[in-house]
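Here is the structure we will look at.
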Amino acid sequence: MDEDFPDTLSIGSGVLRTVYRRASQLAAKPRNAVSPSDAVLSESLAEHVLIDALAAERVANRDAVLPVYQSESGVDCAVATGRLFVRTVDGGPIDKVRRALAELGLTVEQINDWAPHSGWVRPTAGAAGVAIALRIAAGGAPGLDIHVEPELLRTRTPKVAAE
């Protein structure tokens, strides 16, 4: 699996902050791209399935394979899609940083009507672009005053009904 993906990702802040570590033994593929030769480990990630990382090395379309992260507790798995939620720190519109984001290999996909200072961006270059996007999420975007958080598809955990 591509070594350019960051080892850790952080979601949220303060007491709600969750740190995810790269699960190098796991990878993810879109459900519709799974073949009989894939070692499927779990199918509980919405449109993605977890596969063994060694099986991922044999995948012809490397852009179809995404990194998997586990929470520090080891209970929760998440697939990093490469999409990022971006918010300008000063409250200015996302459009003012669109060109700088493009220079980093990111395309503005959606600007939120209810908050024009925030929106979703996506990498333009497949798996390499996902790696770049996740590096930005892990370490920030040099020269840009933005808050960045990666989109993670997490495993479903059933809620326990209160007695």
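Want the number for Gln25 to Trp120: 0.36 nm per residue separation, take away the alpha-carbon distance, what's left?
31.3 nm
Which whole-number value in Å² is the accessible area per residue of the stretch 85-125, probe 1.4 Å? Please report the intermediate quantities before stating the final value.
Numbers: 2400 Å² over 41 residues.
Ligands and nucleic acids excluded, the figure is 59 Å² per residue.
Would you mind getting me the FRET efficiency between Arg98 and Ser13? Use the beta-carbon distance for r and R0 = 22 Å, nearest 0.05.
0.30
Going by a ≥ b ≥ c, the root eigenvalues of the Cα gyration tensor, does the stretch 100-142 fall in the rounded group (a/c under 1.5), the prolate group (a/b larger than b/c) or the oblate group?
The shape class here is prolate.
Sum up the charges of everything whose Cβ sits under 13 Å from the Cβ of Arg21, counting Lys and Arg as +1 and Asp and Glu as -1, but leave Arg21 out.
Here the charged neighbours net out to -2.
The values are calculated or read from the model by the stated rules, or taken from the named source; none is laboratory data. No experiment lies behind these values; they were computed from the predicted model shown. Positions of Cβ are backbone-derived with ideal geometry, glycine not excepted, and every protein chain shown enters the neighbour counts. Keep in mind that these areas ignore ligands, DNA and RNA; they rest on the heavy atoms of the full protein, side chains included. Shrake-Rupley method; radii C 1.70, N 1.55, O 1.52, S 1.80 Å.
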